[in-house]
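The values are calculated or read from the model by the stated rules, or taken from the named source; none is laboratory data. Owing to the predicted nature of the structure, the values given are computational and were not obtained by experimental measurement. Positions of Cβ are generated from backbone atoms using ideal geometry, with glycine treated the same way; all protein chains shown enter the neighbour counts. The area values use the complete protein model at the heavy-atom level, side chains included, leaving out ligands, DNA and RNA. Shrake-Rupley method; radii C 1.70, N 1.55, O 1.52, S 1.80 Å.
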Amino acid sequence: QVQLVESGGGLVQAGGSLRLSCAASGRTFSSHTMAWFRQAPGEEREFVIAINRSGGNTYYADSVKERFTISRDNAKNTVYLQMNSMKPEDKDVYYCAAKSGGGLRVRILREYDYWGQGTQVTVSS
């Protein structure tokens, strides 16, 4: 019963920064692990980064280590993705996802129960 809506996508130059937001409806936001996935045309959707229910633990792909940061504000039912030092390879549609319960298998796409509509991120050279 969770609805997710992403926002903040757009065009950014390589080396620049962009922040995505994901607003969740309902009253169960704090009981879900939250994550971001991304997908390029013709490619499989891949895991980017996740955060546990309390916000104390972060899980991320090696490709975004030390560049991307995920955070959540349970009072606002919102999760954020701060992207710094962006590269052309970061050009993808980014999806917000929610997973019931704790942080087991957080990097596996099929573990997630709810998905946003996606927001396009374009990185220019």
Margin query: Just checking, does the stretch 117-124 include any residue being assigned to a loop (DSSP other than H, G, I, E, B) and open to solvent by 10 Å² or more (accessible area, probe 1.4 Å)?
Written below: yes
Next item on the list: Working only within the stretch 40-67, note down all residues that are over 23 Å from S100 (Cα atoms) and touching a Ser or Thr at 6+ places or on another chain (Cβ under 9 Å).
Entry: E66, R67
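If we scan the stretch 89-108, do we find a residue that is in a loop (DSSP other than H, G, I, E, B), without any contact (Cβ under 8 Å) to a residue 12 or more places away in the chain, more than 18 Å from G16 (Cα to Cα) and more than 12 Å from the chain's Cα centre (by Cα)? Let's see the steps before the verdict.
First, the residues of the stretch 89-108 that are in a loop (DSSP other than H, G, I, E, B): 91, 101-108.
Narrowing the set further to residues that are without any contact (Cβ under 8 Å) to a residue 12 or more places away in the chain leaves 104-105.
Cutting the leftovers down to more than 18 Å from G16 (Cα to Cα) gives us 104-105.
Filter once more, keeping what is more than 12 Å from the chain's Cα centre (by Cα): 104-105.
Checked the stretch 89-108: at least one residue is in a loop (DSSP other than H, G, I, E, B), without any contact (Cβ under 8 Å) to a residue 12 or more places away in the chain, more than 18 Å from G16 (Cα to Cα) and more than 12 Å from the chain's Cα centre (by Cα).
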Notebook entry, point to check: How many residues does the stretch 92-120 hold that are touching a Gly at 6+ places or on another chain (Cβ under 6 Å) and modelled with pLDDT under 95?
Noted result: 0
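Among V106, V79, V123, which is the only one that is of a type in the set (A, V, I, L, M, F, W, C) and under 20 Å from A40 (Cα atoms)? Step through it out loud before you land on a result.
Values: V106 fails: under 20 Å from A40 (Cα atoms); V79 fails: under 20 Å from A40 (Cα atoms).
Unique residue meeting the criteria: V123.
Taking the stated definitions as given, is S85 exposed (fewer than 13 other Cβ atoms within 10 Å of the Cβ) and not in a strand (DSSP E or B)?
no
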Checklist line | Matching residues in the stretch 88-116 - criterion: being of a type in the set (A, V, I, L, M) and open to solvent by less than 10 Å² (accessible area, probe 1.4 Å) | finding: A97, A98, V106
Checklist line | Index of the failed condition, W36 passing every other in (1) over 20 Å from D113 (Cβ atoms); (2) in contact with a Cys (Cβ under 8 Å, 6 or more places away or on another chain) | finding: (1)
Next item on the list: Scan the stretch 68-81 and report the pairs whose first residue is within 14 Å of V48 (Cβ to Cβ) and whose second residue is among the polar types (S, T, N, Q), with Cβ atoms within less than 7 Å and a gap of 6+ or a chain change.
Entry: F68/Q82; T69/Q82; I70/T58; Y80/S21; Y80/S71
Next item on the list: Look at G10 and say whether it is at pLDDT below 95 and of a type outside the set (A, V, I, L, M).
Entry: no
Next item on the list: Could you please find all residues in the stretch 44-68 being β-branched (V, I, T) and under 19 Å from K91 (Cβ atoms)?
Entry: V48, I49, V64
